[in-house]
């Protein structure tokens, strides 16, 4: 069991009892009051998965304003991988905030930014000479990776894949495959974006190399040589789709052979989430550019592009940056997050979570043929739900099982192009006991 209270220091988050507790119905009266205020103050386009308002979180639980303690299988969408307010992170943030909160790295730089870049250059796949640049969000980093690739190649076309999700900016909406709720009504989108078929083993009879040949054939026919290929090594919002073995290596090899920049979007898969520090490592992929965010700083806004020095340095001086990019407090949090991952063995902990969850979910599938597929790596696991005895997507079942889990105090997210996937992203600080309790609730929900 990994628990933040193993450290010498204690925080409110790490002292939170690690047990599910329902003090009221979900949502309780105080959450209902706050939801009414939200509806009167916050734009309608901002939705929420859970109808409760948080006041504390830590380890594997979130406490709401009514005193309900929920098991967290979402991690703020794969952000609080080392646990909310992990002690090292809290200490680092406090120390940095007392020193200074902002100067803008492009005006008066500071060591924290450089130190994060050094760590990213060390940790990302490959031993080649690398450079990094820091931003605020995953979408911003993806967009800048495309800018860098275009500057390096002198070409404009970019290839993304079926079921992809890359963000909500104009360019990243164009890269994203799913219309509702991400793109509908928000066009026109950035031009010179093309889409190729992904390897989707549950719905695809092709093995990895054959699926890669199919994708490459589409790319060569549509474009010839694009500036870049952008792909999630394991798709996130698209349904936690793990491409068949051999798909990613064949695609990366084609990019190398044709001077096309291979961009791995590891926003959701990075920083120990998949049982490797980065998901590209599972098949020995060395991306030209790697995009990271989410788990990089334990909840503070930070993202990065890291890649081959000759590609990263293609952009002219002043061509990359942003007022808040690499904020000093976020950099301090990132350094403490990396230290926590390495000191607490969280890469191996992610593998332990995978074994536990897949064993439990496989036993559930033996009793319920509406679970069509169980997939994912590390603490990034999903079940795809179908109508019994078929492969027809069943989004209604996904919604109802998730709602039943929510009512019993378990935070569960849905995803997938068809809306029929339950996804599980527990913090790596969660205990086995909490995981078993959450999976018991899930089984009852089915």
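Worth pointing out:
- Backbone N under 20 Å from the residue 387 label point (7 Å along Cα→Cβ), restricted to segment 193-214: 202-204
- According to the Cα-based calculation, Rg over Rh for segment 147-251 is 0.96, with Rh computed by the Kirkwood formula.
- Potential lengthening between residue 433 and residue 49 on full extension [0.36 nm per residue; Cα-Cα distance subtracted]: 135.8 nm
- Whole-number D in µm²/s for segment 288-425 (Stokes-Einstein; Kirkwood sum over Cα pairs; 25 °C, 0.890 mPa s): 136 µm²/s
- Classified by the C-alpha gyration tensor, segment 213-345 has an oblate form. Its axis ratio a/c, with a ≥ b ≥ c, is 1.5 or above, and a/b does not exceed b/c.
- If the convex hull is drawn through the Cα atoms of segment 52-198, its volume per residue in Å³: 198 Å³
- Three principal axis extents describe the C-alpha atoms of segment 64-130; from largest down they are 48, 34, 19 Å.
- Across every pair of non-identical alpha carbons in segment 313-357, the mean reciprocal distance, once inverted, gives a Kirkwood radius of 13.5 Å.
- Scaling the Cα radius of gyration of segment 195-255 by the globular reference 2.2 N^0.38 Å produces a ratio of 1.05.
- Summarising the strand pairing of segment 89-343, around 45 percent of its internal DSSP beta bridges are antiparallel.
- Where the alpha-carbon atoms of the chain are placed on the principal axes, they occupy 60, 60, 44 Å, in descending order.
- Added length on full extension, which subtracts the Cα-Cα distance from 0.36 nm per residue, residue 358 to residue 170: 64.0 nm
- Using a Förster distance of 30 Å, the FRET efficiency for residue 41-residue 103 (Cβ separation, nearest 0.05): 0.40
- Using a Förster distance of 51 Å, the FRET efficiency for residue 94-residue 202 (Cβ separation, nearest 0.05): 0.65
- Ellipticity estimate at 222 nm from DSSP helix runs (n ≥ 4, -39,500 (n - 2.57)) divided over the chain, nearest 500: -11000 deg cm²/dmol
- Every Cα-Cα pair of segment 89-343 was included, and the share exceeding 25 Å stands at 41 percent.
Quick note: the coordinates plus some simple rules give every number you see, no bench work behind them. From a predicted model like this one, the values you see are computed outputs, not experimental measurements. All Cβ positions, even for glycine, are placed from backbone atoms using ideal geometry, and neighbour counts span all protein chains on display.
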